[in-house]
Amino acid sequence: MVSKKDLKLSTFAEFRLPPEVYYGQGALSTLKDVVPCLGSKVLIISDEVMEQIGHVERCVTYVQKAGAAHVTYMGVNTEPTDVYVDEALQMLQEQNCDLIVAVGGGSCIDTAKAVAVVATNGGYIGEYVGGQKPITKEPVPLIAIPTTAGTGSEVTSVTVITNTTADVKMMIKHPAFIPAVAIVDPLLTVTSPPKLTAATGVDALCHAIEAYLSRMAQPLTDTLSLEAIRLISSSIRRAYQQGEDLEARDRMTLGAMQAGIAFSNASVCLVHGMSRPIGALFHVPHGMSNAMLLPAVLEYTLEACIDRMAVIGRVIKPELEGQDDQKAAQAAVQEIKQLCRDLNIPNMKTWGIDESRFRKVLDKMAQDALASGSPANNPRVPTHEEIVKLYEYCYDYDY
């Protein structure tokens, strides 16, 4: 029995997620039932890959069965940018759409989130950073359908959009960015190739770990974080090596969704703060840049969170039960390093980032990382100089 004095909450906590979540094999079919409740003309936001492999057409079929009209925007071909947001917003307004369906990875969903909010509140998406421009009107309803087990964007209150003028990834958080409906169908992830499965899977694991270590963690997010860590760590290698293993895909999509809910309510930490500048300046996909940083940042952070890292270690390796915290915590970091080796995660040098250009922008990256606010949630909060050293260490990091 836990007594009140044992609870560490100094104040109440807030917990949000989409009003409706449908998940499991075959969940996509619910789209035909959900659409009529939310709108009559749909803007489908996706990318050319999703169109080529048939996922967009599957969504179109269900939208038509719902009796709704539709138009498509297939322009999201990189990490989400303000250009994509403006283009999709123009299409939504010109075509008088009253509902958005986003199908794809986090880039498609984040773009759709931004469109949904700006459509009713006006202005430029960058004006919403840090609450500069208030969000006073309900967004256009959004149905989010992920095709990777990674970002968890379908259940979060966050969108990350690149400002193409300043080369900065803008992280914007507000309840208005939570989709009206999330449809999470693991069958849609079977087409995800091994490299993408690895990057998005480690991204999801990073979400779960950072949500658990975050200074803003709470009991509800802890529960989801640890279950997500268990599901992902025990399934990611199978999903990577055997893409058609439906049990592994099912566990990965569930874990990624749980991790998304967890970090949306507990926030992310130093890995994400450092990851965004790498994506903005060198166009490394978000999941991959997180994976490149995770082991080294955990090594840096370890001394400030031995107890929590020990719990993570015992979740990943149940045989660590009974080991002291120091050993279990160190084992957790070693297990994550081994995972990155098994999944062939490259470091920044191997990825192809030019070292001379990398060194020229170290100060800007460290400044942008701190400005994002995420490093402040880390158990060990770094200085500007420490972030620069971490970037240097990670450039040719040996997993």
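Considering only protein heavy atoms, what is the solvent-accessible area of Thr162 at a probe of 1.4 Å, reported in Å² to the nearest 10?
20
Determine the share of the chain's accessible area contributed by carbon and sulfur atoms, expressed in whole percent, with a 1.4 angstrom probe.
Values: 8290 of 16310 Å².
Answer for the chain is 51 percent, counting heavy atoms of protein chains only.
Between Tyr23 and residues 5 or more places away or on another chain, which pairs have amide H atoms under 5 Å apart, with H built 1.01 Å from N, and which residues are they?
Long-range HN contacts for Tyr23: Val184.
Rounded to the nearest 500, what is the chain's calculated 222 nm mean residue ellipticity when only DSSP H runs of at least 4 contribute -39500 (n - 2.57) each, over all residues? Numbers along the way, then the final one.
Details: 16 runs with 207 residues, N = 399.
After summing the helix terms and dividing by residue count, I get -16500 deg cm²/dmol.
Counting only heavy atoms of the protein chains, get the accessible area per residue of the stretch 284-365 (1.4 Å probe) and round it to a whole Å² value. Working shown, then result.
Working: 3620 Å² over 82 residues.
Solvent-accessible surface per residue comes out at 44 Å².
Rounded if a/c is under 1.5, else prolate if a/b is larger than b/c, else oblate: which is the stretch 106-211, with a ≥ b ≥ c the root eigenvalues of its Cα gyration tensor?
Since a/c reaches 1.5 and a/b is larger than b/c, the shape of the stretch 106-211 is classed as prolate.
Please state the shape class of the stretch 317-399: rounded when a/c is under 1.5, otherwise prolate if a/b exceeds b/c and oblate if not, all from the C-alpha gyration tensor.
Numbers: a/c = 3.18, a/b = 1.50, b/c = 2.12.
Verdict is oblate for the stretch 317-399.
Please list the radius of gyration and Dmax for the stretch 1-107, considering alpha-carbon atoms only, with Å as the unit.
18.7, 59
Which whole-Hz ³J(HN,Hα) couplings does the stretch 315-332 yield from phi under the Karplus relation 6.51 cos²θ - 1.76 cosθ + 1.60, θ = phi - 60°, glycine and proline marked x?
In residue order, the calculated couplings are 6, 5, 10, x, 5, 7, 4, x, 6, 5, 4, 4, 5, 5, 5, 5, 5, 4 Hz.
What accessible area per residue, rounded to a whole number of Å², is obtained for the stretch 168-213 using a probe radius of 1.4 Å?
Values: 1090 Å² over 46 residues.
Ligands and nucleic acids excluded, the result is 24 Å² per residue.
Set the bar at 25 Å for Cα to Cα. Now go through Lys137/Lys173; Lys195/Lys327; Lys195/Lys389; Lys364/Lys389 and name every pair that lies beyond it.
From the list (Lys137/Lys173; Lys195/Lys327; Lys195/Lys389; Lys364/Lys389), the Cα-Cα distance tops 25 Å for Lys195/Lys327; Lys195/Lys389.
At 1.4 Å probe radius, can you tell me the per residue accessible area of the stretch 237-276 in Å²?
Counting only protein heavy atoms, the per-residue value for the stretch 237-276 is 29 Å².
The values are calculated or read from the model by the stated rules, or taken from the named source; none is laboratory data. Bear in mind the structure is a predicted one, so any value in this text is a computation, not a measurement. What goes into the accessible areas is simple: the full protein's heavy atoms, side chains included, and nothing from ligands, DNA or RNA. Shrake-Rupley method; radii C 1.70, N 1.55, O 1.52, S 1.80 Å.
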